[in-house]
Amino acid sequence: PCESQCVPEFGPEPSLRVVERNLSSPRDVAFHPTPGYHLGSYSEGRPFEHDINGEEAWVVNGNNHSVSIIVNSHNPEKQTVLSRQDRGYYHYMINATALSFNTIADSGRSESQDTFNYWAVCNNNR
């Protein structure tokens, strides 16, 4: 019975769709709370269309210490992938295993101290 086997968020008939195959040992995925906020409409020498009401999946890659941003992951016709690598990847992104965004929009902090939309990774430093 579904009650004992199904994840309620997926429902009784879950489906799966592969949106990107060219990742480098993906470790975690997080969806940006405000798609397009960090990207604009031009990156890596090419323009792209961004649906601000759509989905923007950020995937942390373990093998090359980077983040792949899948723009319009909900729409295969407009989907594109952008890569971001920190200049200090060997320090900040080494062995990254998890990725998370701050989704608290009204923290009560002053605007200069608010971290809404900021992201962070957790690292496995063993």
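The values are calculated or read from the model by the stated rules, or taken from the named source; none is laboratory data. These numbers were taken from a predicted model, which means no experiment stands behind them. A quick note on method: Cβ atoms are made from the backbone with ideal geometry, for glycine too, and the neighbour counts reach across all protein chains shown. To get the accessible areas, we keep the full protein, side chains included, count just its heavy atoms, and leave off ligands, DNA and RNA. Shrake-Rupley method; radii C 1.70, N 1.55, O 1.52, S 1.80 Å.
Would you mention how many residues in segment 76-87 are open to solvent by 10 Å² or more (accessible area, probe 1.4 Å), more than 11 Å from Glu20 (Cα to Cα) and in contact with a strand residue (DSSP E or B) (Cβ under 9 Å, 6 or more places away or on another chain)? So that I can check it myself, show each step before the final result.
Filtering segment 76-87 down to residues open to solvent by 10 Å² or more (accessible area, probe 1.4 Å) leaves 76-81, 83-87.
So of that shortlist, the ones also more than 11 Å from Glu20 (Cα to Cα) come out as 77-78, 83-87.
Filter again for in contact with a strand residue (DSSP E or B) (Cβ under 9 Å, 6 or more places away or on another chain), leaving 78, 83-86.
Summing the residues that are open to solvent by 10 Å² or more (accessible area, probe 1.4 Å), more than 11 Å from Glu20 (Cα to Cα) and in contact with a strand residue (DSSP E or B) (Cβ under 9 Å, 6 or more places away or on another chain) in segment 76-87 gives 5.
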Next item on the list: Look at segment 115-126 and say how many of its residues are under 20 Å from Gly36 (Cβ atoms), open to solvent by less than 100 Å² (accessible area, probe 1.4 Å) and assigned to a loop (DSSP other than H, G, I, E, B).
Entry: 3
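Taking Tyr90 as the residue in question, decide whether it is at pLDDT below 80 and open to solvent by 60 Å² or more (accessible area, probe 1.4 Å).
On the way: at pLDDT below 80: yes; open to solvent by 60 Å² or more (accessible area, probe 1.4 Å): yes.
When the stated conditions are applied, Tyr90 passes them.
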Item checked: When residues of segment 15-51 are limited to those that are open to solvent by 40 Å² or more (accessible area, probe 1.4 Å), in a strand (DSSP E or B) and at pLDDT 90 or above, the one farthest from Ile70 (Cα to Cα) -> Arg27
Check: Restricting to segment 91-117, what's the tally of residues that are over 15 Å from Val60 (Cβ atoms) and among the hydroxyl-bearing types (Ser, Thr, Tyr)?
Finding: 5
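Quick one: which residue in Ser107, Ser73, Ser68, Ser112 is touching a strand residue (DSSP E or B) at 6+ places or on another chain (Cβ under 6 Å), assigned to a loop (DSSP other than H, G, I, E, B) and either at pLDDT below 85 or open to solvent by less than 40 Å² (accessible area, probe 1.4 Å) (or both)? Steps first, answer last, please.
Numbers: Ser107 fails: touching a strand residue (DSSP E or B) at 6+ places or on another chain (Cβ under 6 Å); Ser68 fails: assigned to a loop (DSSP other than H, G, I, E, B); Ser112 fails: touching a strand residue (DSSP E or B) at 6+ places or on another chain (Cβ under 6 Å).
Residue meeting the stated conditions: Ser73.
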Next item on the list: Give just the number: which of (1) within 29 Å of Arg126 (Cβ to Cβ); (2) open to solvent by 60 Å² or more (accessible area, probe 1.4 Å); (3) without any contact (Cβ under 8 Å) to a residue 60 or more places away in the chain; (4) of a type outside the set (A, V, I, L, M) does Ser100 not satisfy?
Entry: (3)
